[in-house]
1. Answer with yes or no whether A:VAL585 is assigned to a helix (DSSP H, G or I), under 25 Å from A:LYS310 (Cβ atoms) and assigned by TED's automatic domain parsing to the domain that holds A:LEU426.
2. Being among the charged types (D, E, K, R) and in contact with a helix residue (DSSP H, G or I) (Cβ under 9 Å, 6 or more places away or on another chain) is the filter here; which residues of the stretch B:174-194 pass it?
3. Residue pairs, Cβ under 9 Å, 6 or more apart or interchain, first in the stretch A:117-138 and within 15 Å of A:THR47 (Cα to Cα), second loosely packed, with under 12 Cβ neighbours inside 10 Å. List them.
4. Hey, B:ILE35 hits all of (1) farther than 21 Å from A:THR497 by Cα; (2) within 14 Å of chain A (Cβ to nearest Cβ); (3) surrounded by 22 or more Cβ atoms within 10 Å (Cβ to Cβ); (4) among the β-branched types (Val, Ile, Thr) but one; which does it fall short on?
5. Of all the residues that make up the stretch A:494-524, how many are aromatic (Phe, Trp, Tyr) and under 18 Å from B:PHE109 (Cβ atoms)?
6. Please specify each residue of the stretch B:46-61 satisfying the condition of being in contact (Cβ under 8 Å) with a residue 60 or more places away in the chain and facing chain A (nearest Cβ under 7 Å).
7. In the set B:VAL217, B:VAL202, B:VAL211, which member is assigned to a helix (DSSP H, G or I) and closer than 30 Å to B:VAL16 by Cα?
8. Which residue, of A:VAL305, A:VAL313, is modelled with pLDDT of 80 or more and either surrounded by fewer than 19 Cβ atoms within 10 Å (Cβ to Cβ) or within 14 Å of chain B (Cβ to nearest Cβ) (or both)?
Amino acid sequence: MNEFLSYTVIGIFTGAAYAIAASGLVLTYSTTRVFNIAHGAIGMFFTFVYWDFSQRQGLPAWLSLVLVLGICAPLTGVLLQRFVTRGLGTAPVGVSLVVTVALLVAMIGIATQIWKPEARAIPEFFPDKRFDVWGIVITPQHIITLVLSLLVAGGLYVLLARTRVGTAMRASVDNAELLGLYGGRAEVVSALAWAVGTSLAALGGILLAPQIGMDFYLLTLIVISAYAAAMLGKLTSLPMTYVGAMALGLASSYVVGYLDKFPGAENLTGLPPVVPTIFLFAILVLLPQAPLRIGQVKGLVSAPVPSPTKTGVWGIGLIGFVVLLVSGMADSTLLNVGTAIAYGILMLSLVLLTGYGGFVSLAQFAFAGVGAVIYSQVEQPNLFGLAVAIIGTGLVGAIVAIPVLRLTGLYLALATLAFGQLMDKLIFTSAWAFEFNNPLKAERLSVLGYKFESLTSTVIMMAVFFVLVAFVIIAIRRGRLGRILIAMRDSQAACGTLGLDMRWFRVGVFAGSASIAGLAGALLISMRMSITANDFLYFNSLLLLLMAGVWGLTSITGAALGGVFMMYLPVAQGENPDIAGLLFVLLAVGAIILGRNPNGLAYYLFQLPRWIQGSLFPALAEKYPGMALRAQEYGFGRRDDDDYDDGDHNDGDPGGDPGAGPLAEEVDTHAVAAR
Amino acid sequence: MPLLHVDDVVVQFGGVTAVNHANFEVEQGSITGLIGPNGAGKTTTFNVVTGLQTPTSGRVVFDDKDITRMPVHRRSRRGIGRTFQRLEAFGSLTVAENVRTAFDIHDGFAGLFRSVQNDVDDLLDLVGIANHADDRADSIPTGTARLLELARALACDPKLLLLDEPSSGLDESETEAFGELLQQLANEGRTILMVEHDMDLVMNVCDTIHVLDFGSVIADGTPAQVRANPVVQKAYLGYSDDGPAGDDTAVLPLVNEEVVL
């Protein structure tokens with residue numbers, strides 16, 4: 001009984017710390033409609049700042065706390081709102097997720113850059129004092145946490161219910177534009193919300209750090225606990241968030257306390273850290289159907305789809321290029337090329353899901369891991385074995401998507417984040433998968449009796465798979481399915497009133513995207529023949545999304561380039577360990593800048609030939625009058641390129657921007673090739 | 001026989017009652033107008049009928065079936081189509097593709113085996129926007145986009161068509177043509193319920209009119225009856241002393257600042 005009480009008390013104190021972190025998340029989300037995935041990462045960062053002040057520089061704890069919570073954190077919050085997240089609330093959910101994921105990665109990058117990995121600890125407050133209440137040990141840290149959480153609750157209540165600015169905050173939830181018309185300064189309100197939210201993230205991190213440890217990634221994952229707690233109040237109700245946080249704190253505490261009492265517990269050593277995730281899925285399943293969003297998202301200009309002929313020419317060209325590239329290449333470089341191709345296929349899975357469908361997945365690497373695990377279980381893998389891996393991963397994807405079937409895209413993305421963490425901690429560490437980072441072994445693939453024994457032939461085979469997947473995706477984009485996907489991205493309300501059951505459609509698209517990721521994972525393991533769970537860390541999925549955001553989510557070119565740079569990032573970090581963190585920051589800043597245009601850098605690449613024509617040709621034509629004629633002869637400078645088959649039979653160029661002319665994927669190079 | 005029956009529907013947003021015990025019926029094959037000042041709850045009523053808004057209480061009966069709890073897409077399958085006041089065209093697609101997508105969705109797997117190109121062209125001709133077929137839907141004028149939404153809704157072959165301010169953005173001659181189109185659709189057996197602020201159009205084409213104010217139906221009847229109804233005049237104009245209002249104005253003033261009800 002005493003034991004039970006002890007765990008209950010610990011649970012309440014943990015819950016109190018979760019409540020502080022979660023209320024910050026609710027405050028920023030409900031005021032600005034931006035779900036801050038970086039909430040935990042921000043808390044992590046300021047926990048390290050606090051450590052720096054109180055431990056490294058030796059300031060008193062109270063002063064460090066005041067400096068962090070009173071000055072550094074709120075100031076950062078205001079700057080973030082001003083320069084990073086402003087206006088994201090009305091943007092498509094995919095855009096706001098890319099930007100906040102970028103913020104998360106940037107925070108980790110900055111933190112690892114400043115504080116090199118080493119053993120650190122934040123001691124509890126007054127570590128020497130212990131109180132004994134009816135045989136239960138209570139520490140000052142517990143009491144301080146509980147008192148602070150009550151103060152936060154009271155403070156937020158007074159702020160929201162009793163002050164003018166609080167009323168404005170609640171009003172800006174409903175209609176920020178209208179608030180402005182009535183003289184409320186919506187920007188000030190948002191800035192305040194981010195200032196307070198950032199401080200609360202910092203406080204949550206600092207209070208939990210003695211328990212969780214000074215770990216960049218574990219502290220970042222506090223966002224999952226905060227999110228799980230906040231879900232009970234549908235991300236908007238503070239009292240329900242506190243209830244959720246307490247329930248979660250208790251659940252975590254009981255799992256830690258009683259897990260070893262159950263038979264078979266030795267297989268579930270990864271369970272305690274994923275309690276928030278399981279809690280989260282349980283709540284997601286119970287939530288009611290979300291209403292369809294009315295209010296149009298403006299149509300997006302996306303990279304036009306190349307014609308079948310052109311796709312074919314390019315596909316064969318790419319395979320030819322890889323064949324030339326890999327001949328006589330050293331094995332270590334070959335492995336990098338193969339990895340880039342596998343990552344390129346992973347990127348293609350995001351093109352389908354995010355680029356066309358507008359949904360975000362933060363677990364593509366976890367799906368790749370599932371594909372790899374399934375593939376490794378197949379004896380003498382052939383195409384059939386590969387198909388098993390693909391379909392199996394698709395089924396797992398469907399299982400992730402079904403609980404959030406009735407909810408909006410934001411919840412789908414957050415469910416994938418939770419899923420990625422679940423796979424990391426629970427499944428990939430279990431005996432039948434990787435077992436604590438033991439390498440997982442698999443054989444090379446054999447296709448129709450031919451076994452790809454050599455690394456070179458395997459890499460070429462992977463390039464063929466990349467091209468095949470790209471063909472499938474372009475075919476989808478050009479057909480009915482692609483049109484429906486884009487229609488769904490543009491207006492869910494209209495799709496619903498036209499009779500589309502978006503719930504199952506979304507599950508199908510998500511499962512399809514997961515299958516592609518599964519294929520990438522299976523190919524990766526078939527190439528390396530041995531792989532560890534570290535290759536599929538959830539954090540990689542976040543990097544993948546950012547890479548895709550930078551290079552472009554709407555084109556095959558963007559996916560290919562993204563794959564190459566995704567492979568190159570850890571290589572570059574390995575070669576330059578001094579700036580490893582800065583490279584994360586660079587990627588994140590790129591994604592923040594480019595993330596608002598899902599076409600990414602690839603789009604500017606497509607525009608380049610047109611820009612060159614526009615600015616260079618007239619000058620040259622002036623100098624060499626013959627040039628102008630030649631240019632016309634070869635189709636340059638014409639708005640309608642005959643070679644360019646614009647999408648389906650009679651309708652125009654799907655998704656193209658008529659105003660900008662045919663920004664055809666590789667249109668210029670194609671014109672050259674046609675000669 | 002009524003095709004649609006809105007039965008004592010209440011919709012509350014927090015403390016605001018947008019629809020307050022609304023009751024009305026729409027007869028099979030009729031053109032029915034739903035009019036009222038801004039903020040009277042017309043669009044919310046449409047959202048309740050199409051399933052985009054769950055009512056706080058009350059029932060919606062369509063074609064003798066209670067559809068109050070039915071999801072949006074299943075109502076569409078049963079024959080309810082609509083257009084939106086705030087446009088919901090698929091902006092990234094062309095006008096023709098918008099309509100084609102509607103066929104894609106409506107036909108499901110069966111659509112794999114038939115070409116809809118002619119049907120798309122016919123619908124665009126019918127509503128008179130064939131010249132915009134290859135324009136992106138987010139680049140066309142508002143009036144054209146409303147006609148596009150009508151064409152898109154027609155692709156699903158609805159029994160009941162809900163039109164939310166379909167003529168706003170159309171000029172006078174276009175509105176006239178639009179009125180003829182509505183009558184043609186009604187003659188083909190479709191039932192039309194429309195929210196409309198152009199009183200000439202409403203008075204000319206509607207068989208029945210329901211007047212909403214503050215979320216409740218305050219009057220029903222033929223155009224002539226509604227026009228003569230003092231309660232309606234009060235709701236619209238804030239006075240009720242002299243004769244039929246709005247005879248010489250194409251559009252009644254619709255700002256409800258003077259509403260006394």
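The values are calculated or read from the model by the stated rules, or taken from the named source; none is laboratory data. No experiment lies behind these values; they were computed from the predicted model shown. Cβ atoms come from the backbone with ideal geometry, glycine included; neighbour counts cover every protein chain shown.
1. Working: assigned to a helix (DSSP H, G or I): yes; under 25 Å from A:LYS310 (Cβ atoms): no; assigned by TED's automatic domain parsing to the domain that holds A:LEU426: yes.
Judged against the criteria, A:VAL585 is not a match.
2. Passing the criteria: B:GLU174, B:GLU176, B:GLU180, B:ARG190.
3. Matching pairs, first to second residue: A:ARG120/A:ARG56.
4. (2)
5. Restricting attention to the stretch A:494-524, the residues satisfying the condition of being aromatic (Phe, Trp, Tyr) are A:504-505, A:510.
Filter once more, so that each one left must be under 18 Å from B:PHE109 (Cβ atoms): A:504-505.
Qualifying residue count, the stretch A:494-524: 2.
6. Within the stretch B:46-61, just B:THR50 meets the criteria.
7. Answer to the check: B:VAL202.
8. Values: A:VAL305 fails: modelled with pLDDT of 80 or more.
Going through A:VAL305, A:VAL313 in turn, the sole match is A:VAL313.
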